[in-house]
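Peer 1: I have a structure I would like to understand better, so I am pasting it below and will then ask my questions one at a time.
The values are calculated or read from the model by the stated rules, or taken from the named source; none is laboratory data. All values derive from a computational prediction rather than experimental measurement. Using ideal geometry, Cβ is built from the backbone for each residue, glycine included, and neighbour counts are taken over all protein chains shown.
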Amino acid sequence: MRKVPPLTLLLLSFFCIISTTAQLHKSIISDEEIGTLKCFYIKQERDNQVLDFAIQIIFKNQQFVYKQEQDTIFIKSKDQIAKFISDLQAGLLVISDEEKEYIITNSNYTLFKHKGFSDNNFIVIANKGLTIKTPINKFFTNQLINWLKAIDFGKG
């Protein structure tokens, strides 16, 4: 009788275990393209049990035309949604005022508006390090706020 090497037994048992475990499944409940932003409301489940809900807002770098970089804002709770909406609404209050500046930074995103320049009627969404930035105007900011408010977070 031939001996089976221990490594072969280990690999065989590893593949059997992996094939019997359930796969993580992500479903998109809602998606919206708002200006240059791609927004998704996602549900993650395993064995038909919901594990997590999340909102992902993907933004591309608008600084450089030929450099395709993107980043994502991950929102994982109702409190984070409310905070993001209030940050956007605070930006709307100063978006048309050339004399006011606005900056909000947290661990997930940075929102800012510089003062001056008559064509500066937009809010910039950036990653924390300010290396990836995309501007959104008042119209798209309102669309984003309305989309976020329409989400019944934790359901779907």
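Peer 1: Can you work out which of the residues in the stretch 84-102 that are out of contact with any strand residue (DSSP E or B) (no Cβ under 8 Å at 6 or more places or on another chain) and at pLDDT below 90 is nearest to Leu148 (Cα to Cα)?
Peer 2: Ranking the candidates gives Ser96 first.
Let's see how each residue does on (1) more than 26 Å from Ser27 (Cβ to Cβ); (2) more than 14 Å from the chain's Cα centre (by Cα); (3) assigned to a helix (DSSP H, G or I); (4) not β-branched (Val, Ile, Thr):
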{"site": "Phe59", "(1), (2), (3), (4)": "no, no, no, yes"}
{"site": "Asp71", "(1), (2), (3), (4)": "no, no, no, yes"}
{"site": "Gln80", "(1), (2), (3), (4)": "no, no, yes, yes"}
{"site": "Ser96", "(1), (2), (3), (4)": "yes, yes, no, yes"}
{"site": "Ile125", "(1), (2), (3), (4)": "no, no, no, no"}
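Peer 1: Residue by residue through the stretch 21-47, note down the ones that are under 14 Å from Lys76 (Cα atoms) and hydroxyl-bearing (Ser, Thr, Tyr). I'd like the intermediate steps shown before the answer.
Peer 2: Within the stretch 21-47, the first condition is being under 14 Å from Lys76 (Cα atoms), and the residues that meet it are 39-44.
Result: Tyr41, single match.
Peer 1: Here's a follow-up. Within the stretch 39-48, can one find any residue that is free of Cβ contacts under 8 Å to residues at least 12 places away in the same chain and either outside any strand (DSSP E or B) or of a type outside the set (Asp, Glu) (or both)?
Peer 2: Yes: one or more hits.
Peer 1: Moving on to the next point. Looking at the stretch 40-64, which of its residues are of a type outside the set (Lys, Arg) and closer than 16 Å to Pro135 by Cβ?
Peer 2: Ile57, Ile58, Phe59, Asn61, Gln62, Gln63, Phe64
Peer 1: Same structure again: Test Phe140 against the criterion of being assigned to a helix (DSSP H, G or I) and either under 20 Å from Asn61 (Cα atoms) or basic (Lys, Arg) (or both), and give yes or no.
Peer 2: Criteria met by Phe140.
Peer 1: Which count do you get for residues in the stretch 134-156 that are at pLDDT below 90 and of a type in the set (Lys, Arg)?
Peer 2: 1
Peer 1: Can you find even one residue in the stretch 137-146 that is touching a helix residue (DSSP H, G or I) at 6+ places or on another chain (Cβ under 7 Å), of a type in the set (Lys, Arg), closer than 30 Å to Ile29 by Cα and touching a residue at least 24 places away in the same chain (Cβ under 8 Å)?
Peer 2: yes
Peer 1: Could we say that Lys60 is at pLDDT below 85, more than 22 Å from Asp152 (Cβ to Cβ) and of a type in the set (Lys, Arg) here?
Peer 2: no
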